[in-house]
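Single-structure report; data block below.
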Amino acid sequence: MPKIFTDIFKNNQEWVQQKLNQDPDFFNKLAKGQKPPILWIGCSDSRVPANEITGTQPGEIFVHRNIANMVVHTDMSMLSVLDYAVNVLEVSHVIVCGHYGCGGVNAALDNKQVGIIDNWLRNIKDVYRLHKAEIDALPTLEQKQRRMVEVNVQEQVFDLIKTSIIQNAWARGRFLQVHGLVYDIANGILKDLNVTVGDNSEIDSVYKFDV
């Protein structure tokens with residue numbers, strides 16, 4: 001078998017032993033269930049592992065990942081994760097985390113065909129259309145790409161609070177905050193975009209449900 005495959009099992013055994021050395025009851029506790037306070041919606045990029053960059057342990061973050069950390073209203077996978085996290089696990093925080101150097105965001109700023117992913121990237125192009133004047137005014141491609149990462153996260157936060165899942169939780173009096181972060185792969189630092197929303201006051205009236 002290829003070494004890259006067999007190393008997975010070797011590394012797994014070393015990780016298990018490390019956890020047991022720290023806490024002999026570690027896996028018994030995990031097996032009893034999960035009650036994470038956070039749902040993390042991040043990018044599928046292999047350089048952005050949610051637990052590792054936040055210093056959290058297994059069981060502390062519920063994770064959904066896709067290309068460019070998108071919240072698409074027709075994505076049943078994302079909606080199912082969101083519904084389960086909010087209504088069953090009862091998380092109190094939902095984080096959308098993008099990252100600088102995102103291949104999906106960069107590809108969406110181009111006009112080259114990539115493949116079936118072009119249909120997914122169209123959602124990011126919609127974000128660009130909303131912020132076109134600001135993005136186009138930036139002097140360099142790198143600045144355009146970095147700012148697009150930020151406004152994309154911002155729009156995904158707004159798309160989350162448009163969902164009936166989030167709005168119904170607030171209508172029931174639940175404490176639930178939605179946050180937008182960006183991770184800088186070049187230095188490992190998380191940046192808070194200060195777009196946290198904790199109620200329906202920032203939802204445009206056309207998106208508000210009667211609840």
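The values are calculated or read from the model by the stated rules, or taken from the named source; none is laboratory data. The structure presented is a predicted model; accordingly, all values stated were derived computationally and were not measured. For neighbour counting, all protein chains shown are included, and Cβ atoms are generated from backbone atoms with ideal geometry for every residue, glycine included.
Brief remarks follow.
- Residue check for Y84: under 30 Å from N123 (Cα atoms), surrounded by 10 or more Cβ atoms within 10 Å (Cβ to Cβ) and out of contact with any Asp or Glu (no Cβ under 9 Å at 6 or more places or on another chain): yes
- For first residues located in the stretch 172-189 and without any contact (Cβ under 8 Å) to a residue 40 or more places away in the chain, partners that are surrounded by fewer than 22 Cβ atoms within 10 Å (Cβ to Cβ) and outside any strand (DSSP E or B) and lie 6+ apart or on another chain with Cβ distances below 9 Å form the pairs R172/V211.
- Some residue of the stretch 66-87 being of a type outside the set (V, I, T), part of a loop (DSSP other than H, G, I, E, B) and over 19 Å from K162 (Cβ atoms): no
- Yes/no for D192 being of a type in the set (D, E) and farther than 26 Å from G55 by Cβ: no
Residue-by-condition table, conditions (1) surrounded by 14 or more Cβ atoms within 10 Å (Cβ to Cβ); (2) modelled with pLDDT under 95; (3) small (G, A, S); (4) farther than 29 Å from D83 by Cα:
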| residue | (1), (2), (3), (4) |
| --- | --- |
| K144 | yes, no, no, yes |
| V157 | yes, no, no, no |
| L181 | yes, no, no, no |
| D192 | no, no, no, no |
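- Here I95, I124 are screened, and the one residue that is closer than 21 Å to R47 by Cβ and touching a His at 6+ places or on another chain (Cβ under 8 Å) is I95.
- Evaluation of K19 against (1) of a type outside the set (A, V, I, L, M, F, W, C); (2) under 17 Å from the mean Cα position of the chain (by Cα); (3) in a helix (DSSP H, G or I) (one fails), failing number: (2)
- Residue that is surrounded by the most Cβ atoms within 10 Å (Cβ to Cβ), among those in the stretch 30-45 that are touching a His at 6+ places or on another chain (Cβ under 9 Å) and not in a strand (DSSP E or B): D45
- Being over 15 Å from V71 (Cα atoms) and of a type outside the set (G, A, S) is a condition met by no residue of the stretch 151-158.
- The stretch 46-65: number of residues that are among the polar types (S, T, N, Q), part of a helix (DSSP H, G or I) and either out of contact with any Leu (no Cβ under 8 Å at 6 or more places or on another chain) or within 21 Å of N106 (Cβ to Cβ) (or both): 1
- Selection status of V48, of a type in the set (A, V, I, L, M), in the same structural domain as L181 (by TED's automatic domain parsing) and surrounded by 15 or more Cβ atoms within 10 Å (Cβ to Cβ): yes
- Within the set N106, N123, N152, the sole residue that is in contact with a helix residue (DSSP H, G or I) (Cβ under 7 Å, 6 or more places away or on another chain), among the polar types (S, T, N, Q), closer than 27 Å to S201 by Cα and surrounded by 14 or more Cβ atoms within 10 Å (Cβ to Cβ) turns out to be N152.
- Pairing residues of the stretch 126-141 that are closer than 18 Å to Q156 by Cβ with residues that are modelled with pLDDT of 95 or more and of a type in the set (F, W, Y), at Cβ distances under 9 Å and at least 6 apart in sequence or on separate chains, gives I135/Y128.
- Filter pass, G115 being in a loop (DSSP other than H, G, I, E, B) and within 16 Å of C43 (Cβ to Cβ): no
- So Y100, is it within 30 Å of A169 (Cβ to Cβ), of a type outside the set (K, R) and surrounded by 15 or more Cβ atoms within 10 Å (Cβ to Cβ): no
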